[in-house]
Every structure is written in structure tokens, then in C-alpha cells.
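S.K.: Can you keep this structure in mind? I'll have questions shortly.
The values are calculated or read from the model by the stated rules, or taken from the named source; none is laboratory data. Because the structure is a prediction, the values reported are computed rather than measured. Reconstructed Cβ throughout: ideal geometry from the backbone, glycine too, with neighbour counts over all protein chains shown.
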Number of protein chains: 4
Amino acid sequence: MPRTPQQYQQLKEERRSALLKAAREVFARRGLAATKMTDLAAAAGISYGLVYHYFPDKESVFATLVEEAIQDGIRLLTAERQGPGTPWEQLQRFCAQILEHVREETSIPLILVQARASESIPAPVQRALERYTTQFFQQLVELIEAGQSAGQIVKIPAAELARLLLSTVQGLALTQVLPRPDDAPFPATDTVLRLFRP
Amino acid sequence: MPRTPQQYQQLKEERRSALLKAAREVFARRGLAATKMTDLAAAAGISYGLVYHYFPDKESVFATLVEEAIQDGIRLLTAERQGPGTPWEQLQRFCAQILEHVREETSIPLILVQARASESIPAPVQRALERYTTQFFQQLVELIEAGQSAGQIVKIPAAELARLLLSTVQGLALTQVLPRPDDAPFPATDTVLRLFRP
Amino acid sequence: MPRTPQQYQQLKEERRSALLKAAREVFARRGLAATKMTDLAAAAGISYGLVYHYFPDKESVFATLVEEAIQDGIRLLTAERQGPGTPWEQLQRFCAQILEHVREETSIPLILVQARASESIPAPVQRALERYTTQFFQQLVELIEAGQSAGQIVKIPAAELARLLLSTVQGLALTQVLPRPDDAPFPATDTVLRLFRP
Amino acid sequence: MPRTPQQYQQLKEERRSALLKAAREVFARRGLAATKMTDLAAAAGISYGLVYHYFPDKESVFATLVEEAIQDGIRLLTAERQGPGTPWEQLQRFCAQILEHVREETSIPLILVQARASESIPAPVQRALERYTTQFFQQLVELIEAGQSAGQIVKIPAAELARLLLSTVQGLALTQVLPRPDDAPFPATDTVLRLFRP
DNA sequence: CATGAATGAGTCTTCATTCAT
DNA sequence: GATGAATGAAGACTCATTCAT
């Protein structure tokens, strides 16, 4: 008595999600080139060849994760932008959330770091990264400029501040998950926000 | 007219330097795993097998670059610490210099990013990275605490500030050299220093 | 209303036949090594794993087809041998029929071509091919010699003529089904029979 | 003291030729899909990875052989066409030569059989095969028609005769090299030429 | 020293076969 | 019986490293 197509479909979804979750951790720590398919299979607790039932090759697993991470980032920012409060409060919440991701080692920001950290990333991933980064960056600039108009944010070119924030977040992600000999505490959101104080 | 042993020695030194310089660029952009020996040879303009006259294997080229980068960072900080002026002025000069490195894409900070960005780094490199990072971090904390005693730096735990600075620098390195779709300007030193203003 | 065992049996026979028919087409065009089990399942319109209800493995599907083809060839020749008319008329009818098979792209002769075209055919298939080819060849030689005794066939060693006929038939099969850029007409039986005219 | 580029070049040519020669035998007997890279390396007496110094992948080795075989066939026909004698004599010499190839198991005609015998041949090879087959076929038709005008060849549509000849040659190649249980003698050129006698 | 050919271990990928449902 | 997910052995391909010249 075979399963219904729906059952198969659902099962497949679940497995696929589990695989992605496991793969995120592995890629985040090792990068694309240094990650082996066996690593992915082992991390997901499935057999070697089964990965290929869900993704055609290693790169496409990575690509999926990158797009996911990008979408998550955009969603985070957009949600706060549309939320209540002044621009400053929106920025505050956005920073708090994204830093929380980083602190919790959700691996999502690290995937973007890994994607950036190698030129030998497949071209489609490159393009997606460019496209969405631009979009994300623009939204952030708009938020900052709104805050500046309201006198809540220091009058430094918004693009400069935006880039600084993104760099800091990515840098923190990098120093959070990977060999961190130092017992340096994760910075408070307010500390990071000092960059924006008037 | 054969060369003297000294000439040979010098030639070898020069080649080795040239190779390291070329390798730094390549590793900075691709990472250890994704860089091939042919890439190194091609970048240095020497033949394939000749790389092995200077280094026993790929990892040791990378390891050399990592240690170099670490030493450079420590030297930079130490020099300013021993230089004239108040702690604030020392911090200011240090930031200015290290940001200049990043902006100029000297690749030196990026090598550290690459070293951090993969768990699959050879153990000796790992250890060197840990050791020196600790040392570097301690010096930075001392500098910050000195500035705080002098009332020149905001009273936030020095370790937190130190980590934030290092993260920001590495994040900027990451977004400087690699595909950067955004035309975001490189931040001014003073903007970064806002993190430390009382 | 459950089916009777007979009905089940019949259903199974039918499926098996359909599978063989589909497999014949696929193997004829791709050969044993290049044909995948998915190809067979897809061609037969059944599910992936179901093939294994009818055959233990891929090779045995192929082996079955080869034996079938051999038996068909022998049956064809034997039937004409036992039919009415002179040896020449028997040869004539045999050629007409086998060429008809080839022209109609029944795939039966092509299976034999595929079986011949690769050394990496399972040993049992090899042996069957040898055994039956010998048998078939002998019968054909006998027919030719009978025709020669009757003065109806040219006096060239019968084995030579037999081999030539078989080669021609297989060659025609090869050029009939596969990419045939040329619009060359399929030769008439009489043209082929010129080989045998006194 | 390294070799000069010329020496390297020559060495490479020679090795490449040797590899092609060995590969021809293997592909001729096994076909593309059933041939393993280890087979090629072993047949050529070189190491596994070295094959990839000469060809980017398995298919391109095969493709090279197919083009070679096609060119050889065309060259053979063209040479005789431009040679002395009546059309009949030209045809006679062409048949003699190509049959000699087949008899000697030069493998060249078999490569074409193998190329025809599988749909799963890379597209470029497919196209080359089509293109050249057309060209070859046309020349053969012209030769036959010339012979017919001179009353030396039977008045059957030239295209039909041409196809028959090619099929016969390929069929003979197939039955020559591969498991041939029968001790059937290779047919004399004159026997094949009976197809064309008026 | 310098060169690039040669080797083969390590990975990716495919796919025949098995198996739980 | 029927389905397609799961497994893993086999084979293609890459590339670090060695070596003859």
C-alpha cells in the first residue's frame, strides 16, 4: 500500500528542510569549497546519495541557503520598516534582531559571509547576492535618512553608515561562530548603535 | 659568468617574496580550499612545480601568510602603543592605519578573515591564529582601558569594545575586496571611532 | 470484488509483455550500458521499482530480449525452410521477411546488433548469442548449398554468402533506426538478393 | 635543464596519438558508455589521471575518434574518385580498400558503428556524424551514377545501392571484431561487388 | 634551478538495487 | 502488488604532489 503523492510530497519537504538546516551549519563553518558531500549527509543523518534526491549538486544546496539568508535579511528589515515607531526605534529593533541572529549563531549571517568570502562561488549565487544586497542596502539607507531627517541619527552620509553597520554585523558573525580564542563578550545592541547616535 | 651564491640567495628571496605577494591576493579572494596551486603559480608568473622550491605544500604558503598578517597587526598596534600622545591619540592612529590597510585592499586583513572563515584550516595555523589573536586582543584591551582611565573613551567593558572594533575591521575587509555591488563609501576613521567616544 | 488468481496471472503477463516491448525500443536505441532503469520504467509507463517485480535486474531484461530476437530469427528461417518451393524461393521469402522486420524498425534485429556491439555483455547472453548464431548460420548455409546444388545460387562458398547476408541485414538495421541524415531508400529485397544470383 | 617547449609539444603529440590508438580499440569493442576511463588508461599504458592532460573528458576522446574515422572514410573515397580508371575501377578499388580496413580490424569503421549504435552520444558528435555521412553518401552516389552512365553498374537507384554498400560494410565490421562464434570467411571484394554488376 | 608531465588519492556524481510503507 | 525514497558501490573528474629531464 504505497503512500499517496501528498504524503510523499510532505515527507520530501520535511527531509529537505532538515537537510538545509544541517547544511547551513556545515557550510557556515567550512565554506563551500571545503565542505564535502559526506559532511552534509552526515550532518543531516542521511545517506550519501540521498542528498542528490533533493538537490542536483553541492552548489545548489549552497545557493539555496544563500537565497534563504538574503530573503531572511530583507524580511527582517522590511518588517521593522513597516512596523510602528520612529525611524530610530525601527533601526533599534532591526539591529537588536539581527544581532540576536548573530549571537545565537543561527548561521544565517555566516552563510552570507561565506558567500562573500570566495570568488569561486557559482555565478547565479553571485548575481543573487549582488541583486539582493543592493536592495537591502537601499532600504537601510532610506531608513537611516529618515532617522536623520527626524534628527535622531547623526548627519553622516547614510551610505557610509549603512555599509559600516553591515560590515560590523558580518564581522561579528565571523568572530562569533568560528574559533574564538578570546572570551570577548558579544557587544550590546546599544553599543553598536553608538555609531548612529547624533 | 655564473652568479655568486649571494646573488642566488637574493634571487631566491625575491622570488619568494613575489610568490607570497601573489599568493596573498589569490588566497584573500578565494580562500584556502578553493585556491589551486596553478592559481598561485600563474599569479606569481612562475612555473607550476617551482612553487615547491619555496614551500613544501599549499598549506604552508597559507600559514606563512597568516602569520605575516598577524605579525603585521601586532606590530601596528605595538608601534602606536609605544608612540607619543594620549591613549586616545594612539587608538586614533591605530584605527587610521588599519583602516587604510583595509581600504587599500592590501589583502592582509582578508587573509585573517579567510583563516577564520573555515574550520578546515590546518591545526598549526589555527593555533597561531589563536595565540596571536589573544595577544593582540589583550593589547587592544589595555589601550582601551588606558583611554577609559583618562576619560577619553566611553565606559563600556573594554573587551566588548575591542571585539566590536576587530569585527568591524574584518567585516569591512570582507565587503571591500569581494564583489561589492553597492557603491557604499568606505567609512571615515572618525565614523568608526564614534564607537569609542565618551 | 477481488480478482481471481487467473486474472492476476494474466495481468502480470500483459505487463511483462508491455515492459519487454518498451524495453526493446529503448535498448535498441541506446544499448545496454547507456540504458537506465528509469528509462525502462518511463518507457513502459510503470513505476521505478516495479520493474524488479518482473525481472531480477537490468541485464536479465536485456538477456530476455536477446533470446527472443534470436528465437524469432531462427523461427523465421526454419519456417521458410520447411515451407513449399525451391531453395531459391525459400531464400527469397526469408530475405523478404527479415528485411521487412528491419524496415519496420521492429527493433528485433537491432537488439542483436546491440548485443554484438559491446564486449561488456553478460556472459550468459554472450553464450546464448554464440550458440544460436551458430545454429542459425548453419541452417542458412544449408539453404544456400541446397540452392547451389539446384543451380539457383551462385557458386561462391556458402559460408561466405551467409556471412555477407547477415552482415548486410545487421548493417541495414543499424542505419535504419538511428540518426539517419541521409534520405537513402531502404533497398528492395531483390537488390539484396543480387548477391546470390548465379 | 628543462625540455624546450618544442620537445614538450612533440612528446605530447606522440602520447596523444598513442592514447587515441589505444582508445580506438577499446571504444570499438565496448562502446562509449561501457568504456571506463581506467580501460583507456590501461590500454594506453599510462596512468589514470594522465588521460585528462590530453582530453577534457571521456566523450571528447570518443568524439575525436569519430571525426578521425569520418575523415578517413571521406579521404579514402575522394582519393579513389580522383584516381585513374573508369568509375567501375574506382568503385572496385574503394571497396577493396575499405573492406581491407574492416578485415584488418582497424577499428575505424567500428567506431562509426559504435557512434551510430547509441542515441546517448554527445550532440556535437551526432552533428559531425550527420554532416559527414551526408557528404560521404553524396560522393558515393555520384560515383555510382557515373558508373551507371558508363553502363558498368546495374541500373538501380544509386541511393539505394549506396546505402546498401554502407550498411554491408558496417555490418561486416560488426561481425568481424566482436564475438564471432562462426568461422565464416570474410567475403571477397568481388562478392560484395556483385551488388553492382549490371 | 626550472619545467610541465605523470601519478593517484580524494571527491563528486550517477544509478542499480533494496526496502519501508 | 505498487511506489518512490534510501543506500552505497562504481566510475568520472580534480588537483596536490612528485619526478624525469
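S.K.: So, in the stretch D:74-93, exactly how many residues are under 24 Å from D:Leu20 (Cα atoms) and crowded, with 19+ Cβ neighbours inside 10 Å?
M.R.: Total satisfying the criteria: 1.
S.K.: Name every residue in the stretch D:149-179 that is in contact with a Leu (Cβ under 9 Å, 6 or more places away or on another chain) and more than 10 Å from chain C (Cβ to nearest Cβ), in order of residue number.
M.R.: Within the stretch D:149-179, D:Gln152, D:Ile153 meet the criteria.
S.K.: For the stretch B:50-101, name all the residues that are in contact with a Ser or Thr (Cβ under 7 Å, 6 or more places away or on another chain) and on the phi > 0 side of the Ramachandran plot.
M.R.: Residues satisfying the conditions do not exist here.
S.K.: Given the conditions (1) under 19 Å from the mean Cα position of the chain (by Cα); (2) outside any helix (DSSP H, G or I); (3) away from DNA strand E (no atom under 16 Å from the Cβ), and given that D:Leu110 satisfies all but one, which numbered condition is not satisfied?
M.R.: Evaluating D:Leu110 over (1) under 19 Å from the mean Cα position of the chain (by Cα); (2) outside any helix (DSSP H, G or I); (3) away from DNA strand E (no atom under 16 Å from the Cβ) leaves (2) as the failure.
S.K.: Has the stretch B:89-99 got any residue that is modelled with pLDDT under 95 and within 30 Å of B:Pro198 (Cβ to Cβ)?
M.R.: No: zero hits.
S.K.: Something else now. Considering only residues that are touching a Lys or Arg at 6+ places or on another chain (Cβ under 8 Å) and without any contact (Cβ under 8 Å) to a residue 24 or more places away in the chain, which ones fall in the stretch D:7-34?
M.R.: D:Leu11, the sole residue that qualifies.
S.K.: Tally the residues that are outside any helix (DSSP H, G or I) and under 16 Å from B:Arg197 (Cβ atoms), restricting the search to the stretch A:141-187.
M.R.: Here the count works out to 5.
S.K.: Also: Among the residues of the stretch B:144-159, are any of a type in the set (Ser, Thr, Tyr) and touching a Gly at 6+ places or on another chain (Cβ under 9 Å)?
M.R.: No, the stretch B:144-159 contains no residue that is of a type in the set (Ser, Thr, Tyr) and touching a Gly at 6+ places or on another chain (Cβ under 9 Å).
Residues are listed down the side, and each one gets a yes or a no for (1) surrounded by fewer than 19 Cβ atoms within 10 Å (Cβ to Cβ); (2) closer than 25 Å to B:Thr35 by Cα; (3) within 21 Å of the chain's Cα centre (by Cα); (4) within 10 Å of DNA strand E (Cβ to nearest atom):
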| position | (1), (2), (3), (4) |
| --- | --- |
| A:Gly49 | yes, no, no, yes |
| A:Pro56 | yes, yes, no, yes |
| A:Val61 | no, yes, yes, yes |
| A:Leu65 | no, yes, yes, no |
| A:Ala69 | no, no, yes, no |
| A:Asp72 | yes, no, yes, no |
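S.K.: A further question on this structure: Of these, D:Ala162, D:Ala146, D:Ala117, D:Ala158, which one is among the small types (Gly, Ala, Ser) and either surrounded by fewer than 16 Cβ atoms within 10 Å (Cβ to Cβ) or within 30 Å of C:Gln135 (Cα to Cα) (or both)?
M.R.: D:Ala117
S.K.: On to the next question. Can you name the residue in the stretch C:1-39 that is part of a helix (DSSP H, G or I), within 15 Å of DNA strand E (Cβ to nearest atom) and over 19 Å from the mean Cα position of the chain (by Cα) and is also surrounded by the most Cβ atoms within 10 Å (Cβ to Cβ) among such residues?
M.R.: Result: C:Asp39.
S.K.: Just need a number here: residues in the stretch C:40-57 that are assigned to a helix (DSSP H, G or I), within 11 Å of DNA strand F (Cβ to nearest atom) and of a type outside the set (Phe, Trp, Tyr).
M.R.: Total meeting the criteria: 7.
S.K.: Another question, if that's okay. Assess whether D:Val61 counts as being at pLDDT 95 or above, more than 21 Å from C:Gly31 (Cα to Cα) and β-branched (Val, Ile, Thr).
M.R.: no
S.K.: Related question: For the stretch B:119-139, what are the residues that are over 16 Å from the mean Cα position of the chain (by Cα) and at the interface with chain A (Cβ under 7 Å from one of its Cβ atoms)?
M.R.: B:Glu119, B:Ser120
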